[in-house]
Amino acid sequence: MIQPEEIQRNSDGMWTHSAWEALFDDRDYIDADELDEWCVTHQLVVETRTLEEDPDSPLIAQLDACEPVDLSAWPLQPPSEDPGWFLLAIIDTEDGPVQTWAYSDTKATEGSDG
């Protein structure tokens, strides 16, 4: 079972959980089927927040100006207030900054063989 890890953001405010890093294995992209299988295997629900969902953030102006973005100024905010969410990554992607969160979901594999 994948557990939360201590978050130690780098100088640009980014961080990646070791399990998330292993899933991507130096790739920029994985397809939806692979992600779904990984979530079922690890009994996780995964959700992503984008910086654009935080329109009052001062980082939006940096993005609009095509300046490098220091994500350390972007507060970590899980998708909901339910306890149990933990961070998988806060990174800057081709499509902009994202926070990827996971929640343990033991129902994800109920009735399955694996």
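The values are calculated or read from the model by the stated rules, or taken from the named source; none is laboratory data. Bear in mind the structure is a predicted one, so any value in this text is a computation, not a measurement. Cβ coordinates were reconstructed from backbone atoms using ideal geometry, including for glycine residues, and neighbour counts include every protein chain displayed. The protein model used for the area step is the full one, side chains on, heavy atoms only, and it has no ligands, DNA or RNA in it. Shrake-Rupley method; radii C 1.70, N 1.55, O 1.52, S 1.80 Å.
Of the residues LEU51, LEU44, LEU76, the single one that is surrounded by 12 or more Cβ atoms within 10 Å (Cβ to Cβ) and more than 20 Å from GLN3 (Cβ to Cβ) is LEU51. Of all the residues in segment 58-72, those that are open to solvent by less than 80 Å² (accessible area, probe 1.4 Å), closer than 19 Å to TRP15 by Cα and assigned to a loop (DSSP other than H, G, I, E, B) number 2.
The residues of segment 19-39 that are under 14 Å from the mean Cα position of the chain (by Cα) and loosely packed, with under 10 Cβ neighbours inside 10 Å, listed by number, are ASP28, TYR29.
Take the conditions among the aliphatic types (A, V, I, L, M) and more than 24 Å from ASP28 (Cβ to Cβ) and apply them to ALA89. Does it pass? Give the steps one after another, and end with the answer.
Working: among the aliphatic types (A, V, I, L, M): yes; more than 24 Å from ASP28 (Cβ to Cβ): no.
Spelling it out, it is not the case that ALA89 is among the aliphatic types (A, V, I, L, M) and more than 24 Å from ASP28 (Cβ to Cβ).
Filter segment 1-30 for residues that are among the acidic types (Asp, Glu) and modelled with pLDDT of 95 or more and give the result.
Correct list: GLU5, GLU6, GLU21.
Of the listed requirements (1) free of Cβ contacts under 8 Å to residues at least 60 places away in the same chain; (2) open to solvent by 80 Å² or more (accessible area, probe 1.4 Å); (3) not polar (S, T, N, Q), MET1 misses just one: (1).
For first residues located in segment 46-72 and in contact (Cβ under 8 Å) with a residue 40 or more places away in the chain, partners that are loosely packed, with under 13 Cβ neighbours inside 10 Å and among the hydroxyl-bearing types (Ser, Thr, Tyr) and lie 6+ apart or on another chain with Cβ distances below 8 Å form the pairs SER72/SER11.
Of the residues screened, VAL40 is not one that is touching a Ser or Thr at 6+ places or on another chain (Cβ under 7 Å), assigned to a strand (DSSP E or B) and under 24 Å from SER104 (Cα atoms).
For segment 8-18, the set of residues classified as more than 18 Å from LEU59 (Cβ to Cβ), open to solvent by less than 70 Å² (accessible area, probe 1.4 Å) and either of a type in the set (Val, Ile, Thr) or not in a helix (DSSP H, G or I) (or both) consists of THR16, HIS17, listed by residue number.
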